[in-house]
Amino acid sequence: MALPALALQESIADDLVNLLVKLAAERKIGPAYDKTSEMGPLVSEGQRKWVTDWIEKGLAEGADLVLDGRGLVVKGL
């Protein structure tokens, strides 16, 4: 299996999800030329659509969306 997957004990699942959301929300998102950026943009509209389509597919199949960056706007850009 070449997909990202994580198996863990159910009793810690919610705590782990909450921690991952916290850590992801703390990342500085910005342009690649800004050395303080920790996460940059997708490289094309096609890639953005591909990622958005996978998010929509997951939601349609019953996934819970805990952090949504689809409408993210980077200040000044």
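The values are calculated or read from the model by the stated rules, or taken from the named source; none is laboratory data. Because the structure is a prediction, the values reported are computed rather than measured. Cβ coordinates were reconstructed from backbone atoms using ideal geometry, including for glycine residues, and neighbour counts include every protein chain displayed.
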Answer yes if at least one residue in the range 63-77 is at pLDDT 95 or above and either basic (Lys, Arg) or assigned to a helix (DSSP H, G or I) (or both), and no otherwise.
-> no
From 3, 72, residue being exposed (fewer than 10 other Cβ atoms within 10 Å of the Cβ) and in contact with a strand residue (DSSP E or B) (Cβ under 9 Å, 6 or more places away or on another chain) | 72
Per the filter on the range 26-62, residues assigned to a loop (DSSP other than H, G, I, E, B) and surrounded by fewer than 11 Cβ atoms within 10 Å (Cβ to Cβ) are 26, 28, 32, 33, 35, 36, 38, 43, 44, 61, 62
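Step by step: first the residues of the range 1-25, then only those that are of a type outside the set (Gly, Ala, Ser) and outside any helix (DSSP H, G or I), then the one that is modelled with the lowest pLDDT. Which residue is that?
Initial filter on the range 1-25 (of a type outside the set (Gly, Ala, Ser)): 1, 3-4, 6, 8-10, 12, 14-23.
Going one step further and asking which of them are outside any helix (DSSP H, G or I), we end up with 1, 3-4, 6, 8-9.
Working: 1: 50, 3: 71, 4: 77, 6: 82, 8: 88, 9: 93.
Top of the filtered list is 1.
Kindly provide the set of residues from the range 6-24 that are among the small types (Gly, Ala, Ser) and exposed (fewer than 10 other Cβ atoms within 10 Å of the Cβ), ordered by number. Give the steps one after another, and end with the answer.
Just the residues of the range 6-24 that are among the small types (Gly, Ala, Ser), to begin with: 7, 11, 13, 24.
The answer is 7, 11.
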